[in-house]
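Beneath this line is the structure, given in structure tokens, with notes to follow.
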């Protein structure tokens, strides 16, 4: 499981998201989506992604899959290294 890096923003929302993310990972809750960036796969939690990214929120909402368990972001500039940041 890939642990999230601390959020660098100083807003209350970012702090709340960081704490929620830490709690989710500390509870070992199974991931519910795999984000694929090139040949690298990231098992993650939709609720955390949707809360941080309008683009990913739109991809999930527009998905024809009922559960949308995979998201392909191979076109992300900088590839997997940039996505991890």
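Considering segment 56-84 alone, what residues qualify as being assigned to a helix (DSSP H, G or I) and surrounded by 12 or more Cβ atoms within 10 Å (Cβ to Cβ)? Break it down into steps so the answer makes sense when it comes.
At the first step, the residues of segment 56-84 found to be assigned to a helix (DSSP H, G or I) are 56-62, 79-84.
56, 57, 59, 60, 79, 80, 83, 84 - these are the residues of segment 56-84 that are assigned to a helix (DSSP H, G or I) and surrounded by 12 or more Cβ atoms within 10 Å (Cβ to Cβ).
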Considering only segment 23-46, state which residues are more than 14 Å from residue 70 (Cα to Cα) and modelled with pLDDT of 70 or more. 28, 29, 30
Filter segment 31-55 down to the residues that are touching a strand residue (DSSP E or B) at 6+ places or on another chain (Cβ under 6 Å) and in a strand (DSSP E or B) and list them by number. 33, 34, 35, 36, 41, 42, 43, 44
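The values are calculated or read from the model by the stated rules, or taken from the named source; none is laboratory data. Treat the numbers as computed from the prediction; the structure is a model and nothing was measured. Positions of Cβ are generated from backbone atoms using ideal geometry, with glycine treated the same way; all protein chains shown enter the neighbour counts.
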